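Worksheet: one structure, shown below.
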Amino acid sequence: MLTSLSRSDRAGADTRFRRSQIRPGPRWFSKKAARLLVYLFVLAGAFIMIYPLLWLISASFKPEDLIFSTSSLISPQWTLGNYSDGWNALDYPFSQFFANSLLVCAGAIIGNIFSCSLAAYAFARLQFKYKPFWFALMLGGILLPMHVLIVPQYILFKELGWIGTLLPLVAPKFFATDAFFIFLMIQFIRGIPTELDDAARIDGCNHFSFYWRVILPLSLPALVTTAIFTFIWTWSDFFSQLIYLSDESTYTIPVALSQFIDSTGNSAYGQLFAMSVLSLLPIFGFFLIFQRLLIQGASTTGLKG
Amino acid sequence: MASTPLEAIKRYSREARSDEKRQQARPVQKRKGRATGYLFLLPWFVGMFVFTAGPVIASLYLSFTNYNLIGAPSWIGWQNYLAMFQDPQWWDAVRVTLVYVLLSVPLKLAVALLVALLLKRGLIGLGLFRAIYYIPSLLGSSVAIALLWRQIFDSDGLVNQVLNLIGIHATTSWVSTPDTALYTLVVLSVWQFGTPMLIFLAGLQQIPQEYYEAAATDGAGPVRNFFSITLPLITPLVFFNLILQMVGAFQAFTPSYIVSGGTGGPVYSTLFYTLYLYQEGFANLKMGYASAMAWVLLIAIAFFTALAFLTSRYWVFYQDERS
Amino acid sequence: MSRISYTRRQFCQIGLSGLAGLTLLDLAGCGSSSTGAASETMQLSFWGPASRNKLTQAAIKAFEQEHPNITIHSWFADFSVYFNKLNTQIASGSIPDLIQMDMSYVAQYVKEQELLNLTSFVNDKTIDLSDFDQGMLKNSLVNGVNYGISLGGNYECMIYDTSLIQQAGVGNPPTTWTWDQYASYALSISKALKSKSVYGSPDASGAIDMFEIWVRQHGTELWTTDGKVAFSVDTVASWFSYWDSLRKSGACAPAQLQASVTGSGPSSSLLATGKAAFATGHSNQFSSYQDLTPHPLALQTVPTGAMPGNYLKPSMLMSIAAKSKYAKDAATFINFLITDPKGVKAIGLDRGIPGSARARAALEPTLKPVDKAVLAYAALVASSGQTSPRTVLDPPGAGAVSTALSNVSQAVAFGKQSISAGAQSFYQQAVKAVS
């Protein structure tokens, strides 16, 4: 394949506009072989990626004393006990924690998409005073580790009376506090050619209309990416959910899972793994559905041929 | 109105590589931008000043105090900062974190881009593969991963079993030996390349297929395509991923916390900076010292980020810029 | 045209749905701490797993039935994050009425005047300590004053796998033994079980509780009464030397093996993974150790030295916040937990063996063989003359000393530091941590 490449390269280097026909024979065959090689590579890689998940699933079906003694994926004994026990191990059935997590994630996703895209449009497309300063400030916000900010933030939320509710986890998202996503969308929007802005201006479109009807649909990949990451990070965010939630009825999944751990005694690993597997299903499903939108989003805007 | 932008983009994309046309392009109208800019930023301003600025300023204040959370803070001036530079564990944390950043970030980005290219299109079960390659990132901060990682890299774990299969006789416990423990965490980080991969995938989708078709008529192969079309056009995302992975690596906490059991061991070899900060702040009730450490970290990250931004003009190509 | 009004309408729609969303969230989060008109609501915080929560909720329910005007809300978390959550709450100005407290932290809270002095409640019998174990009581005082009631006590112990001992054919360990006797005993096990790669002893050089016993046997406590380091560099060096000789002879696990069991708790021990015959720990962890293996385990006293080293340590205290509005009710609840048969039976032995004699009697029928073994061990140690009451409290920063010991002992074990350099390093880190 390499020889055919250099041959065509040399041919192409002579004249830029000479069309070379796709020749059947050696080149076509090696292209198919390359495809197969790639496929095998991808398959092998997929196994490496998925092995831990397989281990986790297999461990969730093992009785407690076999979890660490047998390292293979196949176990001499299987049990469903971890799932039934784990579901009811806490004061509420696990469905309660699923519902809470879903609520928090839904709020966070809507908040992030709405507020971060607005801010990103401003930074990417509009001119205003002190723009570089605000941009630096925006980036600076994500540089401080969460552990030193959480105590002052907790005090703030206590003054607002939000401790013990789900508000501290959701409300800030409606105010673009995740600078990561602002930055992500800025990069996407900057990738959209400005000729569109000119065309829109000719048609008499104002900024918000342009943002709403052109930029937002065109940056659907960025929005979907934002939604996916917000969902995944919020779904597994442990520390702030631990700190802000006090009543067990409001607990989200990470906090609920942590209650299977006992650092002074024995943790209930089987139940922990079983509930962890269950809690992975929504994220996995969410991802599986939305990653298709990444492709579809691009094709509906007509960017793909 | 729907057809006009499409026509415009089709018209202009064919001439995008032509220099003369670029010079002829009109500047973006800036007249109404100012007030509108602040209007669009309104939610962000509220978020900034209510939820972020207050705690940020509070943490700066705390860095000049002794604060054990239970009592009130007491002012001690620069003592925390001075103490930091004389703290051998602080230097351990700095060294460990720098090595971690310098190794994991480039590796992660390279692997993410490679896999994104492979999973761009044209494979059977593409959606499923993408989801599978993302799974490690989903499992990321769970206790289960920590336990599994210790198992895999243990003396009789999977890694050594595989090495023995291919003839290398390996008995070290990679995760329990000070010289190698950090590298197992680098591997853990690189293994979770799903996030940058996803971003690259989204960006690769945005590259118009016409470019590749045009290149094919010129006789370019896949390698030429990559270096002449793909790579330049996704440099904004390479830059984005670089910044975010670098910031994330500097702030990494969970891998070390769960794999080392919160100790940063063996022998401080996995003492990430934020882990040490967490130990000092929450376990040893030295929140003032931890805040000072946080600000030093911020300055360091800001420095490296600024460096990246300054050099970006030499290798990042934005579609909305005029040369 | 309607373009402008269209966008305004959209803005309004977004705004309204956002508000609706927030209201929904507020409703969802609501209902966590509503109080009735005449009733009193207290907050209780404790650490432990979900199983402990079930027991605690049963106790709370039993208490609320007898006191219908009192409601107790509680939150709990694993020990590793309990104080994070508690301290964050305290930093914001709110504190639970009833706080489960650990001996390593209590001095700090007393210093900041967050905990209530319980002497008056003890004196007027709101909290009845008339049949409480005096040794446990003495060891739970802060500066001689009662700031929390011990819910259970334990001694440092060694735990061994009887089946491995049998396989090694070395006979049972003696009732009391010295450090050298332990070393040679462990060596004989290692030699006998070499083919199975089982070691007699773990490398306990990084275990702060065992180190404390060593220090106390050399004449001082870990700390002075004003919270400074009381042990010497030489004591540290002798400690490291002892374990170095065990490593060299093969009596205890080598560096890499010991480093592979990081973390706390019985599951992080070489005994649990079957790689060592012995483990060190607290006596009330015995049942957790036994849960981890089908082999029968047994308790063994720690090695003796020139002076007594062991002491009865409260596993946890129940304290009352100084600012609590319902101090008397909180004290009544504590009394319910430690003396009332309903309360005692509800929380069971989960938090340790109770200090009150009648509580122990109430639990007598429920004792399992492992529990009886722990009681027997406690009685043995108490009468052995090898214990002396601890006269100091852990100062703030004691946790850092524990981490430092773990890391430096590993450095010495891996050969990265010499014994004298390691001793110096640990000593300096300890001094800095409590300064």
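The values are calculated or read from the model by the stated rules, or taken from the named source; none is laboratory data. Values in this document were obtained by computation on a predicted structure and should not be read as measured data. All Cβ positions, even for glycine, are placed from backbone atoms using ideal geometry, and neighbour counts span all protein chains on display.
Yes or no, residue by residue, for (1) within 11 Å of another protein chain (Cβ to nearest Cβ); (2) without any contact (Cβ under 8 Å) to a residue 40 or more places away in the chain; (3) of a type in the set (S, T, N, Q); (4) under 30 Å from A:Leu218 (Cα atoms):
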position	(1), (2), (3), (4)
B:Asp156	yes, yes, no, no
B:Leu163	no, yes, no, no
B:Ser173	yes, yes, yes, no
B:Pro178	yes, no, no, no
B:Leu182	no, no, no, no
B:Gln206	yes, yes, yes, yes
B:Glu210	yes, no, no, yes
When the range B:41-71 is checked residue by residue, the ones that are farther than 20 Å from A:Gly140 by Cα and modelled with pLDDT under 90 are B:Asn68, B:Leu69, B:Ile70, B:Gly71
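Provide a single number: the residues in the range A:134-163 that are modelled with pLDDT of 85 or more and either within 7 Å of another protein chain (Cβ to nearest Cβ) or part of a helix (DSSP H, G or I) (or both). Give the derivation first.
In the first step, residues of the range A:134-163 are kept if they are modelled with pLDDT of 85 or more; the result is A:149-163.
Okay, now just the ones that are also either within 7 Å of another protein chain (Cβ to nearest Cβ) or part of a helix (DSSP H, G or I) (or both), so A:149-160.
Summing the residues that are modelled with pLDDT of 85 or more and either within 7 Å of another protein chain (Cβ to nearest Cβ) or part of a helix (DSSP H, G or I) (or both) in the range A:134-163 gives 12.
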For the range A:281-305, pairs from a residue that is closer than 18 Å to B:Ile199 by Cβ to a residue that is at pLDDT below 50 and in a loop (DSSP other than H, G, I, E, B), with Cβ under 9 Å and 6 or more apart or across chains, are A:Ile295/A:Lys304; A:Ala298/A:Lys304
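Taking the stated definitions as given, is A:Leu280 modelled with pLDDT of 85 or more, touching a helix residue (DSSP H, G or I) at 6+ places or on another chain (Cβ under 7 Å) and surrounded by 23 or more Cβ atoms within 10 Å (Cβ to Cβ)?
So A:Leu280 does not fit the description; no.
Per-residue answers, yes or no, for (1) surrounded by 17 or more Cβ atoms within 10 Å (Cβ to Cβ); (2) part of a helix (DSSP H, G or I); (3) of a type in the set (S, T, N, Q); (4) in contact (Cβ under 8 Å) with a residue 12 or more places away in the chain:
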{"position": "B:Thr52", "(1), (2), (3), (4)": "yes, yes, yes, no"}
{"position": "B:Leu98", "(1), (2), (3), (4)": "no, yes, no, no"}
{"position": "B:Val101", "(1), (2), (3), (4)": "yes, yes, no, yes"}
{"position": "B:Leu107", "(1), (2), (3), (4)": "no, yes, no, yes"}
{"position": "B:Ala112", "(1), (2), (3), (4)": "yes, yes, no, yes"}
Across the range B:277-319, the tally of residues that are over 19 Å from B:Gln89 (Cβ atoms) and surrounded by 22 or more Cβ atoms within 10 Å (Cβ to Cβ) stands at 1
Within the range C:198-229, residues farther than 26 Å from C:Ala272 by Cβ and either buried (at least 17 other Cβ atoms within 10 Å of the Cβ) or without any contact (Cβ under 8 Å) to a residue 60 or more places away in the chain (or both) come out as C:Val215, C:Arg216, C:Gln217, C:His218, C:Thr220, C:Glu221, C:Leu222, C:Trp223, C:Asp226, C:Gly227, C:Val229
Being farther than 29 Å from B:Phe239 by Cβ, small (Gly, Ala, Ser) and more than 14 Å from chain A (Cβ to nearest Cβ) narrows B:Ser74, B:Ser104, B:Ser63 down to just B:Ser74
- Query: Any residue in the range B:145-166 that is modelled with pLDDT under 85 and within 23 Å of the chain's Cα centre (by Cα)?
  - Reply: yes
Scanning the range C:45-59 for residues that are in contact (Cβ under 8 Å) with a residue 60 or more places away in the chain and of a type in the set (A, V, I, L, M) gives C:Leu55, C:Ala58, C:Ala59
Residues of the range A:248-298 being closer than 22 Å to A:Leu169 by Cα, at the interface with another protein chain (Cβ under 7 Å from one of its Cβ atoms) and aliphatic (A, V, I, L, M), in sequence order, are A:Leu280, A:Ile283
The residue that is farthest from A:Ser115 (Cα to Cα), considering only those in the range B:59-83 that are crowded, with 19+ Cβ neighbours inside 10 Å and aliphatic (A, V, I, L, M), is B:Ile70
Flagged in the range C:251-269 as more than 12 Å from chain B (Cβ to nearest Cβ) and within 25 Å of the chain's Cα centre (by Cα), in numbering order, are C:Pro266, C:Ser269
| request: Kindly indicate whether any position in the range C:403-423 is in contact with a Ser or Thr (Cβ under 7 Å, 6 or more places away or on another chain), over 21 Å from C:Gln256 (Cα atoms) and assigned to a loop (DSSP other than H, G, I, E, B). | output: no
The residue that is nearest to the chain's Cα centre (by Cα), considering only those in the range A:124-133 that are assigned to a helix (DSSP H, G or I) and within 8 Å of chain B (Cβ to nearest Cβ), is A:Ala124
**OP:** Looking only at the range C:372-385, decide whether some residue is buried (at least 16 other Cβ atoms within 10 Å of the Cβ) and of a type in the set (D, E, K, R).
**Re:** no
Picking from C:Met307, C:Met316, the residue that is over 30 Å from C:Leu193 (Cβ atoms) and within 13 Å of chain A (Cβ to nearest Cβ) would be C:Met316
_Looking at the structure I just gave you, is B:Ala110 within 12 Å of chain C (Cβ to nearest Cβ) and hydrophobic (A, V, I, L, M, F, W, C)?_
no
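Enumerate the helices (runs of 4 or more DSSP H) found wholly within the range B:213-294, keeping only those where 1 or more residues are more than 20 Å from the chain's Cα centre (by Cα) and facing chain A (nearest Cβ under 10 Å). Write out each step before concluding.
On the way: elements: B:222-225, B:235-250, B:254-259, B:273-278.
The qualifying helices (runs of 4 or more DSSP H) are B:222-225, B:273-278.
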Would a scan of the range C:349-365 turn up a residue that is β-branched (Val, Ile, Thr), surrounded by 20 or more Cβ atoms within 10 Å (Cβ to Cβ) and at pLDDT 90 or above?
no
Per the list (1) assigned to a strand (DSSP E or B); (2) aliphatic (A, V, I, L, M); (3) surrounded by fewer than 19 Cβ atoms within 10 Å (Cβ to Cβ), residue check on C:Ala279 breaks on (3)
All-but-one check, B:Val316 against (1) in a helix (DSSP H, G or I); (2) modelled with pLDDT under 90; (3) of a type in the set (A, V, I, L, M), failing number (1)
- Message: Taking the criterion of being facing chain A (nearest Cβ under 7 Å), assigned to a loop (DSSP other than H, G, I, E, B) and surrounded by fewer than 22 Cβ atoms within 10 Å (Cβ to Cβ), would at least one residue in the range B:141-148 satisfy it?
- Response: yes
Over the range B:295-321, the set of residues within 9 Å of another protein chain (Cβ to nearest Cβ) and over 20 Å from the mean Cα position of the chain (by Cα) is B:Tyr318, B:Gln319, B:Asp320, B:Glu321
Taking the range A:167-191 and keeping only residues that are more than 7 Å from every other protein chain (Cβ to nearest Cβ) and outside any helix (DSSP H, G or I), one is left with A:Asp178
| query | Is the range A:73-80 home to any residue that is more than 13 Å from chain B (Cβ to nearest Cβ) and in a helix (DSSP H, G or I)? | reply | no
